[in-house]
Amino acid sequence: MAGADARTDAQEERRNRLRELVTNRGFVRTAELATEFGVSVMTIHRDLDALQAQGWLRKVRGGASCLPSTQFHGSASERMTTMVQTKQLLARAAATELAPGQVVMIDDSTTCLSLVRHLADHTPITAISNSLPAITALAREPGVALIALGGTYFPAYDAFMGAHTAQSVQSFRADVLFMSTTAVTGGRCYHMSPETVQVKRAMMAAAARRVLIIDHTKFANQGLYALAPLTDFDLVLVDDAAPAAEVRRLRDSGVHVRTVTGSPAALRSHDAT
């Protein structure tokens, strides 16, 4: 048992160091990592698979990268610093859908995290979330009855994910769900993590009304795992920098899209013309 514990500790320490190396360098080569850590290439592959599943990095040919790309969108801490003003604009628009007495479900997206600060203006309200930052913020609000969804903690997402979280969601019924997505392609939501899809599908099934909040960059992103068509949502909020042709196609397919004006990207585009 002592030997097994030592191997587990060594594995955890090695993976933590791997994560730091990828974060600091942006890209690392598998063969070089094997040499640096004195282990086999297969061991490094298993380590990278585990870190990729947690959302820390993206495996590529010959190594791994943590640089944002069309197929990898960074950890929660990185995403917190992107599109901040647009996310706040969308959150203010989403807050108009709130009402005192509601049971509100909020996903782990950084987009919906901007909505959390508005819940205190609509108390009493019940909030259900798997997002650790959302849970931490709402725990201090006296008018909010907070339900934290447990499960396996994914540090890169700063949230609880997976089968246990999805099962926990099934115990509740929400008046409204607010969620975002990694990518929108062909009128459908996509994500890079199957655990994310599992939880979000459970949330959608548990909500009487579903609101999707997306900024214009989602239309340029890509994801591996399909979640749901946008027609499954009662309302889709997008900023006015979203591609007009995409918005038209969504509306033509029956999606209720509300465009929120005033996004910095749209203003920059207007100033340039």
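For residue 121, are the conditions met, namely being within 20 Å of residue 213 (Cβ to Cβ), open to solvent by less than 40 Å² (accessible area, probe 1.4 Å) and not hydroxyl-bearing (Ser, Thr, Tyr)? No; evaluated as a whole, the condition is false for this residue. Just one of the listed residues (158, 108) is within 23 Å of residue 88 (Cα to Cα), touching a residue at least 24 places away in the same chain (Cβ under 8 Å) and surrounded by fewer than 24 Cβ atoms within 10 Å (Cβ to Cβ), and it is 158. Within segment 134-143, none of the residues are crowded, with 21+ Cβ neighbours inside 10 Å, under 23 Å from residue 52 (Cβ atoms) and not small (Gly, Ala, Ser). Residues in segment 239-265 that are in contact (Cβ under 8 Å) with a residue 40 or more places away in the chain and either under 12 Å from residue 184 (Cβ atoms) or not β-branched (Val, Ile, Thr) (or both): 239, 241, 246, 249, 250, 253, 255, 258, 262, 263, 264, 265. Of the residues that make up segment 74-87, is at least one touching a His at 6+ places or on another chain (Cβ under 9 Å), under 27 Å from residue 184 (Cα atoms) and either open to solvent by less than 40 Å² (accessible area, probe 1.4 Å) or at pLDDT 85 or above (or both)? Yes, segment 74-87 contains a residue that is touching a His at 6+ places or on another chain (Cβ under 9 Å), under 27 Å from residue 184 (Cα atoms) and either open to solvent by less than 40 Å² (accessible area, probe 1.4 Å) or at pLDDT 85 or above (or both).
Of the helices (runs of 4 or more DSSP H) lying entirely inside segment 146-253, those containing at least 2 residues that are more than 29 Å from residue 126 (Cα to Cα) and more than 16 Å from the chain's Cα centre (by Cα) span 244-252. Of the residues making up segment 164-193, those that are open to solvent by 10 Å² or more (accessible area, probe 1.4 Å), of a type in the set (S, T, N, Q) and closer than 25 Å to residue 253 by Cα are 182, 185. Suppose the filter is of a type in the set (S, T, N, Q) and open to solvent by 10 Å² or more (accessible area, probe 1.4 Å); does residue 196 pass it? It is false that residue 196 is of a type in the set (S, T, N, Q) and open to solvent by 10 Å² or more (accessible area, probe 1.4 Å). Of all residues in segment 127-139, those that are within 12 Å of residue 161 (Cβ to Cβ) have Cβ atoms under 6 Å from Cβ atoms of residues that are open to solvent by less than 10 Å² (accessible area, probe 1.4 Å) and part of a loop (DSSP other than H, G, I, E, B), 6 or more apart or on another chain, in 130/149.
The values are calculated or read from the model by the stated rules, or taken from the named source; none is laboratory data. Keep in mind the model is a prediction, meaning the values are calculated, not measured. Reconstructed Cβ throughout: ideal geometry from the backbone, glycine too, with neighbour counts over all protein chains shown. Ligands, DNA and RNA are excluded from the accessible area calculation, which covers all protein heavy atoms including side chains. Shrake-Rupley method; radii C 1.70, N 1.55, O 1.52, S 1.80 Å.
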